[in-house]
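Here's the structure we're looking at; comments come further down.
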Amino acid sequence: MRGFFSWFFGDPAQRTQSFLRAGEQRLVQSLVEKVPDSVDPVQLSGLGVLGALAAATTLVAARNWPGAVSLLPAAMTVNWFGLSVDLPLARSRGAEAAAESMAHHLGEIFSHLAILLAYGFSPFLTMRSATIVIVCYLLFSAYGYIRAATRHVDQMAYIGIGVTEFRVLLALWPFAAFLLGVPETIGERLPPIDLAIMSLAGLTVMGLIAKLFLDGRKITAASGRED
């Protein structure tokens, strides 16, 4: 059993390793081998963006047609496929360049912002909560890119949550919201979901600040050894 968890979830001792990273890499590699030669990485990035737009549409539509949210997991799967397979496909073909990398990263940012904004117009989050999550997402994204530039780390996760885990949360939250009765409380002046999001955001930002200082000390120490 322990061997299975190590195979699928990866080594928990690696701070930059997300829970699903190891299993996802194996799945992505198998998908890369099945992509037709006529499909290029930038097209996959575009497919991922289309999946995000479809997901955003289902969230907004759920305000008037609750059943529309049943399409959200499929749309998020398309988003994951396009933006998880694009760069590995480019690498496998020896064609990874600035254009492929830019298309991927722009697609990731646009996808998450579009879906989070759509949540603000859905019955599952208030616009206040959606805005707070967007701000936190931008903070973590900015720090992730800074960390990648200074320490050459391509993938970063916090407490085991990376991009894929975040997508899973976005895909499943409406169903959890139904069970928790969130849609019935959205109209309140300060609904419980807002209080929960604000509390989590505060803890998250404090964790990011602590991580910033820890990483800063490590980078300083490494620079001293190099000198």
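Give me the pairs: first residue in the range 176-199 and outside any helix (DSSP H, G or I), second residue hydroxyl-bearing (Ser, Thr, Tyr), beta-carbon distance under 8 Å, and six or more apart or on different chains, which are they?
Close Cβ pairs (under 8 Å, with a partner that is hydroxyl-bearing (Ser, Thr, Tyr)) amount to Ile186/Thr126; Pro191/Thr126; Pro191/Thr185.
To keep it simple, each residue is scored yes or no on (1) modelled with pLDDT under 90; (2) exposed (fewer than 14 other Cβ atoms within 10 Å of the Cβ).
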{"residue": "Val182", "(1), (2)": "no, no"}
{"residue": "Asp194", "(1), (2)": "no, no"}
{"residue": "Ser199", "(1), (2)": "no, yes"}
{"residue": "Thr204", "(1), (2)": "yes, no"}
{"residue": "Lys211", "(1), (2)": "yes, no"}
{"residue": "Leu214", "(1), (2)": "yes, yes"}
{"residue": "Ile219", "(1), (2)": "yes, yes"}
{"residue": "Ala222", "(1), (2)": "yes, yes"}
{"residue": "Glu226", "(1), (2)": "yes, yes"}
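Within the range 200-217, count every residue that is of a type outside the set (Ser, Thr, Tyr) and in contact (Cβ under 8 Å) with a residue 40 or more places away in the chain. Spell out the reasoning first.
Going through the range 200-217, the residues of a type outside the set (Ser, Thr, Tyr) turn out to be 200-203, 205-217.
Retained after the next criterion (residues that are in contact (Cβ under 8 Å) with a residue 40 or more places away in the chain): 201, 205, 207-208, 211-212, 215.
So the count comes out to 7.
On the basis of being hydroxyl-bearing (Ser, Thr, Tyr), surrounded by 14 or more Cβ atoms within 10 Å (Cβ to Cβ), in a helix (DSSP H, G or I) and modelled with pLDDT under 90, does Ser141 make the cut? Outline the logic, then answer.
Numbers: hydroxyl-bearing (Ser, Thr, Tyr): yes; surrounded by 14 or more Cβ atoms within 10 Å (Cβ to Cβ): yes; in a helix (DSSP H, G or I): yes; modelled with pLDDT under 90: yes.
When the stated conditions are applied, Ser141 passes them.
Can you find, within the range 147-174, the residue that is nearest to Ala61 (Cα to Cα) among those that are touching a Pro at 6+ places or on another chain (Cβ under 9 Å) and either at pLDDT below 80 or surrounded by 14 or more Cβ atoms within 10 Å (Cβ to Cβ) (or both)? Explain how you work it out, then say what you get.
First pass over the range 147-174, keeping only residues touching a Pro at 6+ places or on another chain (Cβ under 9 Å): 160, 171-172, 174.
Now drop any that are not either at pLDDT below 80 or surrounded by 14 or more Cβ atoms within 10 Å (Cβ to Cβ) (or both), which leaves 160, 171, 174.
Numbers: Gly160: 32, Ala171: 15, Pro174: 13 Å.
Restricting to residues being touching a Pro at 6+ places or on another chain (Cβ under 9 Å) and either at pLDDT below 80 or surrounded by 14 or more Cβ atoms within 10 Å (Cβ to Cβ) (or both), the top hit is Pro174.
Given the condition in contact with a Pro (Cβ under 8 Å, 6 or more places away or on another chain), assigned to a helix (DSSP H, G or I) and farther than 25 Å from Glu184 by Cα, answer yes or no: does some residue in the range 103-119 qualify?
Going residue by residue through the range 103-119, those that are in contact with a Pro (Cβ under 8 Å, 6 or more places away or on another chain) are 103-104.
Keeping just the survivors that are assigned to a helix (DSSP H, G or I) gives 103-104.
Then keep just the ones that are farther than 25 Å from Glu184 by Cα; that gives 103-104.
Yes, that holds for at least one residue.
If you take the residues of the range 61-72 that are in contact (Cβ under 8 Å) with a residue 60 or more places away in the chain and buried (at least 17 other Cβ atoms within 10 Å of the Cβ), which of them is nearest to His112 (Cα to Cα)?
Per the stated criteria, the residue is Leu72.
The values are calculated or read from the model by the stated rules, or taken from the named source; none is laboratory data. In this text, all values refer to a predicted model and were calculated from it rather than measured experimentally. So basically every Cβ, Gly included, is an ideal-geometry build from the backbone, and we count neighbours across all protein chains shown.
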